[in-house]
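Peer 1: Mind having a look at this structure? Questions to follow.
The values are calculated or read from the model by the stated rules, or taken from the named source; none is laboratory data. Keep in mind that what you see is a predicted model, and the values were worked out from it rather than measured. A quick note on method: Cβ atoms are made from the backbone with ideal geometry, for glycine too, and the neighbour counts reach across all protein chains shown. Ligands, DNA and RNA are stripped out before the accessible areas are found, and what is left, the full protein with its side chains, is counted by its heavy atoms. Shrake-Rupley method; radii C 1.70, N 1.55, O 1.52, S 1.80 Å.
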Amino acid sequence: MKIRIISAILSTLFTTSVLADTSGYYAGASVLSAETDLAGESEYNSGYEVHLGYKINSSFAVEASYLDLGGYDTTKSNVKYSIDSDAISLSALYTYPIGNFNLIGKLGYFSQSSDVTAVPITNNFSDDSSGGVLFGAGLSYKFNKMIEIKSEFNVASDTNYGAIGLNFYF
């Protein structure tokens, strides 16, 4: 009985004929792997991204994102540094549809901030990077009018990251 109920729910979600038209607004979340270059060290970290966007038409969208880029520890000159980074971005997206797939190009503004704790030094400080240009490319697949899975790779001044996530249109 449980299998029938789950099958009915999933078939309803993934059937496009039962879905109403969406407004063009969407929200999403992604898991990411980021390479951050700070304090002369380049490290890979796991993190996440949450974003809100508006699809202007079938080709163009705008998107605002918050990214947690993870953290790492490094030691230099007998001082241990703990670095935790996050960022915000504002981007324009161009999508080229191929059936249910979309090729994605991204151009935007990326501002990264890092909190640095140094031990045995007791003063903590924040390294606010000035903003910079963000370039990205990706691929998405629309299951229906409301659900889309995407993967992308983005490059900014001190950070490169790949992400896999979902968009929900409403």
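Peer 1: Condition test on S111, is it at pLDDT below 95, touching a Gly at 6+ places or on another chain (Cβ under 7 Å) and either in a strand (DSSP E or B) or surrounded by 15 or more Cβ atoms within 10 Å (Cβ to Cβ) (or both)?
Peer 2: yes
Peer 1: Sort out which residues of the range 116-142 are open to solvent by 90 Å² or more (accessible area, probe 1.4 Å) and modelled with pLDDT of 80 or more, and write them in order of number.
Peer 2: F135
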